[in-house]
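The values are calculated or read from the model by the stated rules, or taken from the named source; none is laboratory data. Note that this is a predicted model, so its numbers are computed, not measured. We place every Cβ from the backbone using ideal geometry, glycine too, and count neighbours over all the protein chains shown. When the accessible area is computed, the model is the full protein with side chains, heavy atoms only, and any ligands, DNA or RNA have been set aside. Shrake-Rupley method; radii C 1.70, N 1.55, O 1.52, S 1.80 Å.
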Amino acid sequence: MAEKKTYYITTPIYYPSGNPHIGHCYTTVACDTIARFKRMQGYDVMFLTGTDEHGMKIEQKAKELGVTPKEYVDPIVDNFKHLWQTMDISYDRYIRTTDEYHVKSVQKIFKKLYDKGYIYKGEYTGKYCTPCESFWTESQLDENGCCPDCHRSVVDAHEEAYFLKVSDFADKVEKFLTETDYLSPKSRVNEMINNFIKPGLEDLCVSRTSFTWGIPVDFDPKHVVYVWVDALSNYITALGYENDEYNDFEKYWPADLHMTAKEIVRFHSIIWPIMLMMLDLPLPKHLYGHGWINFNGQKMSKSVGNVIDPFVLAERYGSDAVRYQILRDMPYGSDSNFSNEIMINRINSDLANGFGNLVSRTVAMADKYFGGTLPEERQAEDLDNELIDMAGKLRDTVAPLIGEAQLAKALEEIFKVVSRANKYIDETEPWILGKDEAKKARLASVLYNLLETIRICSGLLAAFMPKTSPEVWKQIGASEELTKYDELGKFGKLPVNVTVSKGEMLFPRIDVEKEIDELNALLTPAKAFKEDEDLDKANVITIDQFAEVKLRSGEITACEKIKKSKKLLKLQVDDGRNGRQIVSGIANWYKPEDLIGKKIVFVANLSPAKLCGELSEGMILACDAGEDDVRVLFLDKDVPNGSTIR
Ligand code: MSP
């Protein structure tokens, strides 16, 4: 017997540095849909996902919480796995970069590249922010050449490090991107070439000595392997490359499809192929870089809260509806916008009024007019042809789209047929046919055509909505055999005297206004700020420690922009004493004239610092007011200047 063709598909591996959100679901749900569809088509599928658990950020977060990095990531990894279960993700393998076999394989990969001369020891020169203990490259600094986190001055730094000779491979990778159809959409190829390859590929620093939470370079253990070299390797270590844990490398490599969001396409289209070229391994066949799910028009932030928590959405609407909406509303290659209204309206229009209504009306009419079982007599009419033709061709329209990850387009095609079928009900008026005994044969034809259309649509939708389709098959009386891929390409497969059985409504209509109110009420700060709360609990201070921070009231008497900076304002503050100058990073939100005369709170005993060459003696207090918004804490006008705040 001929061996099945294989199909290897991967999601990125996720950082377990906070709980997963709906944005994380897109790639995984999209890959799951493709994996399911390929299985239907008879492929032997390997669908890989996992978590990317090393790096300085994880080390820092764990330290803040007083736990080890592994203790920090373990519950978050469990939560990711729980989410994938909730969303019906049918992955075949889950890799954690802390898995022993992966660690050992990465060490071997690193050594191999070193032995081949592609990794060499050098000196990393960059910038260092002493208070943050962070290294930065020139390009990461803010517009004033200061630390992008705290905006203080940085100093030149040198660190011994290993480098990967990517510069030698610029031509080869450019050729790979331009002469193959590896990267899609095509616009991203130009982006990669113009933004990264043409300006000149610099050798990549692939080891760090400034933190320890990573895979040690086994022949020089004060270095840990750069997190991207560690992470990208997952796609081959998970198949058993350089380890005995698995044994499928020959079978599945090269990958058929890597899927990622746009901001990490650079690593997958330049660094990853170069690493593989260096290892003399075949290159993956396709990479699809999709856009982001934005939230209410802006990028997701913790303060937006838990309405976009996928667990909440799946519980309220069912995981299939969530899967459907995120796939349907993401245009190929560009961003989509998520809001509660968009989600609810999509569920109502396509699933409740569209597909759900088609199924329930058809089954209810077969039940009402024929007691559930269609008679054998038929009467066809020309009017039937368009629907029969559309439904009969649907599988072959949809299959290539799914193969190219054009999932929104594939759903659009399926729902064109769903809409056509609903229109067919209006045109044929089965409720009128049902009243006339002489028109029963015609009615049976109409209902049969509808049931067949539903069989084909639900069969193709099974990869998108794996819970709903089997429920539909029960209702329309389709045997498992008739939902197989081969049968979905043909119209007229249900038995002539098919028997339907009425069932639950698939997608109850949602009352938009009521639902939005309820969702808003769900946004309790306790839930929205859960992570901060954990950090607060882990970082409790005593009243004496608090008393060490001297907070005082003051009045802004003069204020101007700092010329070299877009963010900084220079404030003269009457502090009830000799006056002081404070530099504050609030220029994005306040004009100097808005601040003069305002009473503020400042930290009086902060050690003075120079920011963009200006002395700052203290810090004024402000609070985050949502994504990219900040408000200064103003005091009442009659508060005297220089009073102690406690
Ligand atoms: N750990 C790296 C990937 C290493 S792969 C060898 C990483 N992890 S991540 O958790 O930050 O992101 C994982 C994936 O989720 C990325 O493709 C990322 O772009 C995607 N998304 C995160 N937020 C998203 C949206 N709001 N919308 C769509 N995808 C988003 O990057």
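Over 26 Å between Cα atoms, which of K409/K514; K222/K251; K38/K251; K561/K599; K186/K490; K121/K262 qualify? Show your work: numbers first, answer last.
On the way: K409/K514 31 Å; K222/K251 36 Å; K38/K251 16 Å; K561/K599 19 Å; K186/K490 34 Å; K121/K262 31 Å.
Violating the 26 Å limit, Cα to Cα: K409/K514; K222/K251; K186/K490; K121/K262.
Classify the stretch 596-646 as rounded, prolate or oblate from the Cα gyration tensor: take a ≥ b ≥ c as the square roots of its eigenvalues, call it rounded if a/c is under 1.5, otherwise prolate when a/b beats b/c and oblate if not.
Since a/c reaches 1.5 but b/c is at least a/b, the shape of the stretch 596-646 is classed as oblate.
What shape does the stretch 1-67 have by the C-alpha gyration tensor, where a ≥ b ≥ c are the square roots of the eigenvalues, rounded means a/c under 1.5, and otherwise prolate means a/b greater than b/c and oblate the rest?
Since a/c reaches 1.5 and a/b is larger than b/c, the shape of the stretch 1-67 is classed as prolate.
Could you pull out the trypsin sites (Lys or Arg not before Pro) across the stretch 161-194 that fall in loop regions by DSSP (anything but H, G, I, E, B) with no more than 16 other Cβ atoms inside 10 Å?
Taking the stretch 161-194 and a limit of 16 other Cβ atoms within 10 Å, the loop trypsin sites (Lys or Arg not before Pro) found are K186.
Could you tell me the largest-minus-smallest coordinate of the C-alpha atoms of the chain on each of the three principal axes, in descending order and whole angstroms?
Result for the chain: principal-axis Cα extents of 102, 69, 42 Å.
With +1 on each Lys and Arg Cβ and -1 on each Asp and Glu Cβ, and nothing else charged, work out how big the dipole of the stretch 541-645 is about its Cα centre, in Debye to the nearest 20.
Charge dipole, the stretch 541-645, about its Cα centre: 460 debye, nearest 20.
Quick check: at a probe of 1.4 Å, how many percent of the accessible area of the chain sits on carbon and sulfur atoms?
Looking at the chain in its full context, I get 50 percent from C and S.
Give me the base-10 log of I(q)/I(0) for the stretch 541-645 at each q in 0.13, 0.16, 0.18, 0.22 Å⁻¹, Debye formula, one uniform scatterer per Cα, rounded to two decimals.
The Debye formula, applied to the Cα set alone, gives -0.45, -0.69, -0.87, -1.24.
For the chain, report the accessible area per residue in Å² (1.4 Å probe, heavy atoms, rounded to an integer).
Computed with neighbouring chains in place, this is 45 Å² per residue.
Provide the percentage of antiparallel DSSP beta bridges, counting only those with both residues in the stretch 1-136; round to the nearest 5. Mind showing how you got there, number by number?
Working: 3 of 14 bridges.
For the stretch 1-136, the DSSP antiparallel bridge percentage is about 20.
Find, among the chymotrypsin sites (Phe, Trp or Tyr not before Pro) in the stretch 165-270, those assigned to loop by DSSP (not H, G, I, E, B) with at most 12 other beta-carbon atoms within 10 angstrom.
Details: sites: F169, F176, Y182, F196, F211, W213, F219, Y226, W228, Y235, Y241, Y246, F249, Y252, F267; in loops: Y182, F211, W213, F219, Y226, Y241, Y246.
Taking the stretch 165-270 and a limit of 12 other Cβ atoms within 10 Å, the loop chymotrypsin sites (Phe, Trp or Tyr not before Pro) found are F219.
Please turn the phi angles of the stretch 607-623 into ³J(HN,Hα) values with the Karplus equation 6.51 cos²θ - 1.76 cosθ + 1.60 (θ = phi - 60°), one per residue in order, whole Hz, x for glycine and proline.
5, x, 9, 9, 10, 6, x, 10, 6, 10, 10, x, 8, 8, 8, 8, 10
For S419 and T557, what is the calculated FRET efficiency with R₀ set at 45 Å and r taken between the beta-carbons, to the nearest 0.05?
Taking R0 as 45 Å, the efficiency between S419 and T557 is 0.10.
Once you have a ≥ b ≥ c as the square roots of the Cα gyration tensor eigenvalues for the stretch 97-231, tell me rounded if a/c is under 1.5, and otherwise prolate or oblate according to whether a/b is larger than b/c.
In terms of gyration-tensor shape, oblate.
What is the Rg over Rh value, at two decimals, for the stretch 427-521, using alpha-carbon atoms and the Kirkwood definition of Rh?
That ratio equals 1.10.
Taking every DSSP beta bridge with both residues inside the chain, roughly what % is antiparallel (nearest 5)?
Restricted to the chain, the bridges split so that about 70 percent are antiparallel.
According to a simple spin-label model (label point 7 Å from Cα along Cα-to-Cβ), what is the distance in nm between D88 and L281?
Computed distance between label sites L281 and D88 equals 3.3 nm.
Any idea what diffusion coefficient the stretch 341-489 gets from Stokes-Einstein, in µm²/s, Kirkwood Rh on alpha carbon pairs, 25 °C, 0.890 mPa s?
Approximately 155 µm²/s, per Stokes-Einstein.
Might you report the magnitude of the Cβ-based charge dipole of the chain about its Cα centre, with Lys and Arg at +1 and Asp and Glu at -1, to the nearest 20 debye?
Dipole about the Cα centre, nearest 20: 540 debye.
What distance in nm lies between label points placed 7 Å from Cα along the C-beta direction at S479 and K368?
3.1 nm
Tell me the net charge near V227. Cut-off is 13 Å between Cβ atoms, V227 excluded, with +1 for each Lys or Arg and -1 for each Asp or Glu.
Details: positive: K57, R208; negative: D52, E53, E59, D230.
Net local charge, V227 excluded: -2.
Give or take rounding to whole Å, what are the principal axis extents of the alpha carbon atoms in the stretch 88-158, in descending order?
Dimensions of the stretch 88-158 along the principal axes of its Cα atoms: 47, 42, 19 Å.
Need one number: % antiparallel among DSSP beta bridges in the stretch 214-372, to the nearest 5.
20 percent
Please list the non-local residues whose amide H lies under 5 Å from the amide H of H286, H modeled 1.01 Å from N, same-chain partners needing a gap of 5 or more.
L257, H258
If you filter the stretch 470-515 for GluC sites (Glu not before Pro), then keep DSSP loop positions with at most 16 other Cβ within 10 Å, what is left?
E504
Viscosity 1.306 mPa s, temperature 10 °C: give me the Stokes-Einstein translational D for the stretch 402-462 in µm²/s, with Rh taken as the Kirkwood radius over C-alpha pairs.
Stokes-Einstein gives a translational diffusion coefficient of 123 µm²/s.
Among L407, N353, C457, pick out the residue whose Cα is farthest towards the positive end of the charge dipole of the stretch 341-489, where Lys and Arg carry +1 and Asp and Glu carry -1 on C-beta, about the Cα centre.
Result: N353, furthest along the dipole toward the positive end.
What does the charge count around T68 come to, taking other residues whose C-beta lies under 10 Å from its C-beta (Lys +1, Arg +1, Asp -1, Glu -1)? If you can, show how the numbers build up before the last one.
On the way: positive: K63, K70; negative: E59, E71, D74.
Spelling it out: positives minus negatives among the neighbours equals -1.
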